[in-house]
Amino acid sequence: MIFDFDGFFNPVMNAPTVQSWKAGDGVPISFSLAGDQGLGVIAAGYPQSSQIDCAAPPERDAGTGTSSPKGLEFKRGPGRYKYIWITQAGWAGTCRQLIVKLIDGTYHRANFHFI
């Protein structure tokens, strides 16, 4: 079964857009899967992030695991999943791609230029 993915929602934009974000700040990642599909929807080892070329972001790239203070949550009111991606201050001046792989095998990406 393939989930009915919708997102990422404001303030995050889907790749290939490259958005600016302050390095060291948390990034609120939110998306919908057409209802509560449980908290085990993200594939093991994901989300990941990897450094990318700011001028030519890749469509696919392998990355390293990310962290979030609370992990994945489901907010019943808006029917959305929420994950706070913890970024590093040392990423200032670089670009990174956030990669979210779901257990259905689909990938969802967002590109960031850290300031």
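All conditions in (1) out of contact with any strand residue (DSSP E or B) (no Cβ under 9 Å at 6 or more places or on another chain); (2) modelled with pLDDT of 95 or more hold for Arg76, with the sole exception of (2). Each residue in segment 72-115 was checked for being assigned to a strand (DSSP E or B) and of a type in the set (Gly, Ala, Ser), and 1 pass.
Have a look at Asp53, Asp104 and point out the one that is among the acidic types (Asp, Glu) and modelled with pLDDT of 95 or more. Before you say what the answer is, go through the steps one by one.
On the way: Asp53 fails: modelled with pLDDT of 95 or more.
Checking each option against the conditions leaves just Asp104.
When the residues of segment 89-104 are narrowed to those that are in contact (Cβ under 8 Å) with a residue 60 or more places away in the chain and within 15 Å of the chain's Cα centre (by Cα), which ends up surrounded by the fewest Cβ atoms within 10 Å (Cβ to Cβ)? Looking at residues that are in contact (Cβ under 8 Å) with a residue 60 or more places away in the chain and within 15 Å of the chain's Cα centre (by Cα), I get Ile103.
The values are calculated or read from the model by the stated rules, or taken from the named source; none is laboratory data. Since the structure is predicted, the reported quantities are computational estimates derived from the model, not experimental observations. Virtual Cβ from ideal backbone geometry, glycine too; neighbours counted across all protein chains shown.
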